[in-house]
Each structure stands twice: as C-alpha cells, then as structure tokens.
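Scroll down for the structure; my scribbles are underneath it.
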Amino acid sequence: MTADPRALLRRAAAECLCYPDTPLPPAGALRSVRHAAAAPLRAFLGWAADRPAGELARHYVEVFDFTQRHSLHLSWWTDGDTRRRGEALLRFKAAYRAHGLEFAGEDLPDFLPAVLEFTAATGDETLLRGHRPALELLRLALTEHGTPYADVLTAVCATLPGPSPRDRAAALALARGGPPREQVGLDTPPYGHLGLLPVLPTR
C-alpha cells in the first residue's frame, strides 16, 4: 500500500467518477485505510456493488450528463462558457507537463477523474486546491440531488485541508456570482449562471 493513503483514496475516487463501464474496486479494498475520506468512499462503493451494471450506468448518465450543475470539468466552475476557459485548460496541461506527463485522454484535461489521477501519481495538490470552491459546490449540488455520488465528492474534499472558512467563503462567493458566461451582443449580465448552481446553506 502507498505510504500516503490520500493517493489510494484519490485513485479510487477517480475510478468512481468515471463512466462505470468497468468494475469498480470493492469497498473492502479501503477497509484498512485510516483516513476520514475512506468512510464515504466505502459507502459509495457498497451502494454501487448492489446495483446492476445497467442501472449504475443509467444513474451516472442521469447525474452527470444532463446538467452542467453537476459538471466534472473544473474550469467550467471558474470560467464557464467564456474564451478564458481555453486558457484555463492550457494551464491544466502545463501542470501535467511540469511533471513530465502529457494529457492523452479523450476528455478535457480539467476532467476531475484525470486531475485526481494526476494528483495521486505526483502528490501535487495545486490543481485540486486551486479548485476547492468548485469541488465544494459540486459536492453540495450532488448532495442536493440526493445521489450517492455526493459521497465521492465528500471523500475528495476530505483529502484536502479544511474545510476552512476561507474555502467556504470562496464557495459562497462563486455561487452568488456564478461562473462567467459571455453573451456577445446581448444586454445580459456576465454572471448569469446562478440559476444553474446549487443553493448553498448560509450556516
């Protein structure tokens, strides 16, 4: 087992957040991991193990493919549908290259499972920490939706420091403004995504 349990947990979370066309690791694989993130991951894996493959796939599509409110692409939360998002994606690729890695996946480089795999392999938490508000917003959105995938995001957030007041304040600020969206030629506010974001508790 790896010396840092967070690497194992992040790899497991990455597998959980990919489309379930291959078997997920058994919940027992995390039994000996002593970290706060292990319990919610085990809960999710136990739930998934009790579902037929077709049902699990349908649930994944329902949760992640029909709304940006549950987007697994981290730069959407920070840059929305703007030209700045292209620059953000280049920064993800640059982070991979700084560790001698080239992103070769079919998805975008900001896809959360890819970022989790990168972090697990390198120990570099910069991308996860830099997008902590997005992770918290996604966790809250999935919790509001009532899907067990919220447990996976709870685990991901538990591998990072906090939650601290600063992270919570940043998540609230992002929720109030929403990711920016360019509306060229239209008289609409540049922060018009609030309706797509979860309603966060104010406590």
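The values are calculated or read from the model by the stated rules, or taken from the named source; none is laboratory data. Quick caveat, the model's predicted, so the values are computed rather than measured. Positions of Cβ are backbone-derived with ideal geometry, glycine not excepted, and every protein chain shown enters the neighbour counts. Just so you know, the surface numbers come from the protein's heavy atoms only, side chains and all, with ligands and any DNA or RNA stripped out. Shrake-Rupley method; radii C 1.70, N 1.55, O 1.52, S 1.80 Å.
The order of Arg31, Arg10 by accessible area, most exposed first and with a 1.4 Å probe, is Arg31, Arg10.
Between the beta carbons of Ala29 and Val61, assuming R0 = 22 Å, the FRET efficiency works out to 0.30 to the nearest 0.05.
Please calculate the 1.4 Å probe accessible area of Phe92, with all protein chains present, and give it to the nearest 10 Å². So the heavy atoms of Phe92 present about 0 Å² to solvent.
The simple spin-label model puts a point 7 Å past each Cα toward its Cβ; for Leu101 and Gln68 those points are separated by 2.7 nm. Residue-wise HN-Hα couplings along the stretch 105-122, as the Karplus relation 6.51 cos²θ - 1.76 cosθ + 1.60 with θ = phi - 60° gives them from phi, are x, 6, 8, 7, x, 8, 4, 3, x, 5, 5, 5, 4, 4, 5, 5, 6, 10 Hz; Gly and Pro carry x. Note on Arg83 and Asp21: with the Förster distance fixed at 41 Å, the Cβ-Cβ geometry gives a FRET efficiency of about 0.80.
Measuring between their Cα centroids, the stretch 43-98 and the stretch 108-136 lie 11 Å from each other.
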